[in-house]
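Undergrad: Have a look at this one before I ask anything.
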Amino acid sequence: RHGLRLREGLISLEVGLSTALLIVAGLLTSSLTRLLQVDKGFDADHVLTVDIGLSGNLYAEPANRERFFDRLLAKVSAIPGVQASGFVTALPTRGETWQDPIYLEGESSRRHPVNNRYASPGYFRAMNIAIRQGRAFEESHRGRGVAVLSEKAAKLLWPGEPNPVGWRFMGEDDKPKTLVGVVAEVRAVLHSDPPPTAYYPYWQRVPGGGTLVVQTTADPHTAAGAVR
């Protein structure tokens with residue numbers, strides 16, 4: 001009788017543990033499904049990404065890094081099957097970046113911290129990030145202080161303005177920037193709301209690394225060899 005009670009107790013414990021595991025598994029599956037269904041602000045379908053880091057004496061000078069990215073983007077865009085290509089210092093969903101303030105000229109006491117990203121003109125198209133107003137920065141903007149803001153970032157500066165494109169503000173280097181476009185919100189992490197973000201052309205402060213984004217018409221792995 002003692003052995004029978006022990007076996008019954010162990011069976012009850014096993015059933016209880018199995019039930020608990022099933023409940024936890026169901027909750028995890030439900031949470032994962034919700035995370036995958038949230039609006040991320042971009043579409044990575046048919047997109048290949050390649051992390052790039054520049055080091056050594058050759059790339060110590062910003063001008064050399066700028067020439068590298070210029071040549072890289074030109075060559076990648078010419079690969080057969082490449083629909084769009086771009087570069088960015090930090091991909092979405094990889095976490096928030098460092099923050100620098102934006103503020104209106106003459107209102108330095110009202111600074112708004114925003115996430116910073118440096119990108120190429122083709123980045124928004126390659127990642128299918130919707131442009132709500134204006135346009136992305138272009139090659140013709142090289143040498144000029146321009147920027148693209150997310151909707152949240154634009155509302156921090158001009159809360160009641162329906163279309164601030166063309167207006168000026170002070171950017172990450174405390175120099176005037178002209179707003180050329182407003183883009184959709186993009187999540188830095190899946191489980192949190194998108195942070196206000198400022199995008200600047202990579203040639204304004206040439207980074208030492210980032211991620212190449214390549215959108216292809218077919219399976220992106222088919223372009224991997226040529227990109228490499």
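The values are calculated or read from the model by the stated rules, or taken from the named source; none is laboratory data. This is a predicted model, so every value here is computed, not measured. Cβ atoms come from the backbone with ideal geometry, glycine included; neighbour counts cover every protein chain shown. Protein only, heavy atoms only, side chains kept; ligands, DNA and RNA dropped before computing areas. Shrake-Rupley method; radii C 1.70, N 1.55, O 1.52, S 1.80 Å.
Undergrad: Within the range 94-108, how many residues are farther than 21 Å from ASP174 by Cα and open to solvent by less than 60 Å² (accessible area, probe 1.4 Å)?
TA: So the count comes out to 1.
Undergrad: Among the candidates SER120, SER77, SER85, SER108, which residue alone is of a type in the set (S, T, N, Q), touching a helix residue (DSSP H, G or I) at 6+ places or on another chain (Cβ under 6 Å), farther than 15 Å from ALA147 by Cβ and touching a residue at least 24 places away in the same chain (Cβ under 8 Å)?
TA: On the way: SER120 fails: farther than 15 Å from ALA147 by Cβ; SER77 fails: touching a helix residue (DSSP H, G or I) at 6+ places or on another chain (Cβ under 6 Å); SER108 fails: touching a helix residue (DSSP H, G or I) at 6+ places or on another chain (Cβ under 6 Å).
Every option except SER85 fails the conditions.
Undergrad: Here is a further query. Please give the strands (runs of 3 or more DSSP E) falling wholly within the range 112-196 in which 1 or more residues are out of contact with any Leu (no Cβ under 8 Å at 6 or more places or on another chain). Explain how you work it out, then say what you get.
TA: Values: elements: 112-119, 131-134, 146-150, 168-170, 176-183.
The qualifying strands (runs of 3 or more DSSP E) are 112-119, 131-134, 146-150, 176-183.
Undergrad: A follow-up question, please. So TYR199 clears everything in (1) among the aromatic types (Phe, Trp, Tyr); (2) touching a strand residue (DSSP E or B) at 6+ places or on another chain (Cβ under 8 Å); (3) not in a strand (DSSP E or B) except one condition, right? Which one?
TA: (3)
Undergrad: Test ALA153 against the stated conditions and say whether it is in contact (Cβ under 8 Å) with a residue 40 or more places away in the chain, out of contact with any His (no Cβ under 9 Å at 6 or more places or on another chain), of a type outside the set (Val, Ile, Thr) and open to solvent by less than 60 Å² (accessible area, probe 1.4 Å).
TA: no
Undergrad: While we're looking at this one, here's another question. Does LEU72 fit the bill of being among the aliphatic types (A, V, I, L, M), assigned to a strand (DSSP E or B), under 20 Å from PRO121 (Cβ atoms) and modelled with pLDDT of 95 or more?
TA: So LEU72 fails the test.
Undergrad: While we're here: Within the range 42-49, identify whether any single residue is modelled with pLDDT of 85 or more, at negative phi, in contact with a strand residue (DSSP E or B) (Cβ under 8 Å, 6 or more places away or on another chain) and open to solvent by 90 Å² or more (accessible area, probe 1.4 Å), and answer yes or no. Please lay out each step first, then the result.
TA: If we filter the range 42-49 for residues that are modelled with pLDDT of 85 or more, which is where we start, we get 42-49.
Those still in the list that are at negative phi too: 42-45, 47-49.
Then keep just the ones that are in contact with a strand residue (DSSP E or B) (Cβ under 8 Å, 6 or more places away or on another chain); that gives 47-49.
From what's left, open to solvent by 90 Å² or more (accessible area, probe 1.4 Å): none.
Within the range 42-49, none of the residues are modelled with pLDDT of 85 or more, at negative phi, in contact with a strand residue (DSSP E or B) (Cβ under 8 Å, 6 or more places away or on another chain) and open to solvent by 90 Å² or more (accessible area, probe 1.4 Å).
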